[in-house]
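Here's the structure we're looking at; comments come further down.
The values are calculated or read from the model by the stated rules, or taken from the named source; none is laboratory data. Predicted, not measured: the structure shown is a model, and the values here were computed from it. Glycine gets a Cβ as well: all are built from the backbone with ideal geometry, and neighbour counts include every protein chain shown. Keep in mind that these areas ignore ligands, DNA and RNA; they rest on the heavy atoms of the full protein, side chains included. Shrake-Rupley method; radii C 1.70, N 1.55, O 1.52, S 1.80 Å.
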Amino acid sequence: MKASELVRRLVELDIHLTVTVGRADALRSAIKEAAGHRKIDIIGWTEDLPRMLHESHLLIGKAGGATVQETIAAGCPMIINHVVSGQEEGNARLIVETNSGVIAHSPAEAVAQVQRAFADDAKQWREWAANISRLSRPRASLEIAEFLLSI
């Protein structure tokens with residue numbers, strides 16, 4: 001799914017939109033152009049992604065392992081817009097089967113899912129957020145280390 005097309009559609013919703021582009025300077029330009037006159041935040045490479053996810057209502061992105069695990073740790077529901085066959089299918093299945101988000105196969109479907117999530121007093125989003133929070137174990141590595149030190 002082309003990021004610029006998705007941004008072009010999302011800015012029409014009049015939402016606070018933050019787009020991360022990493023080190024892809026060409027993508028930054030395409031995103032700026034797609035946003036047109038609408039104000040959005042475009043973030044390059046950052047170590048603040050865990051904090052940003054914790055402060056966000058929703059992530060739209062690829063079903064990469066690190067991305068899915070970070071969204072779970074942050075309790076941030078996800079709309080998956082790309083799944084690499086084989087290696088990312090399990091990540092996507094985890095989000096869908098736990099009702100912590102959905103898969104959207106096109107920019108139009110992603111926008112429709114955003115609208116659905118926040119319709120009816122954000123009923124769907126609240127359900128996703130509650131479900132993904134139950135999966136979240138942000139202290140898991142510390143708990144494992146403490147356990148290992150105790151034996």
Looking only at the range 52-97, filter to residues that are of a type in the set (S, T, N, Q), assigned to a helix (DSSP H, G or I) and touching a Ser or Thr at 6+ places or on another chain (Cβ under 9 Å); which one of those is modelled with the highest pLDDT?
Asn91
When both residues are 6+ apart or on different chains and their Cβ atoms are under 6 Å apart, which pairs have a first residue that lies in the range 1-17 and is in contact (Cβ under 8 Å) with a residue 12 or more places away in the chain, and a second that is not in a helix (DSSP H, G or I)?
Met1/Asn81; Met1/His82; Leu10/Leu17; Val11/Arg38; Leu17/Ile40
Give me the pairs, please: first residue somewhere in the range 87-101 and open to solvent by 30 Å² or more (accessible area, probe 1.4 Å), second residue anywhere and of a type in the set (Lys, Arg), beta-carbon distance under 8 Å, and either six or more positions apart or on two chains.
Thr98/Arg134
For the range 43-61, indicate whether the set of residues that are open to solvent by 60 Å² or more (accessible area, probe 1.4 Å), out of contact with any His (no Cβ under 9 Å at 6 or more places or on another chain), basic (Lys, Arg) and free of Cβ contacts under 8 Å to residues at least 40 places away in the same chain is non-empty.
yes
Within the range 102-135, restricting attention to residues that are open to solvent by less than 40 Å² (accessible area, probe 1.4 Å) and without any contact (Cβ under 8 Å) to a residue 12 or more places away in the chain, which residue is farthest from Ala63 (Cα to Cα)?
Ala122
Checking Lys39 against (1) assigned to a helix (DSSP H, G or I); (2) out of contact with any Gly (no Cβ under 6 Å at 6 or more places or on another chain), the condition it does not meet:
(1)
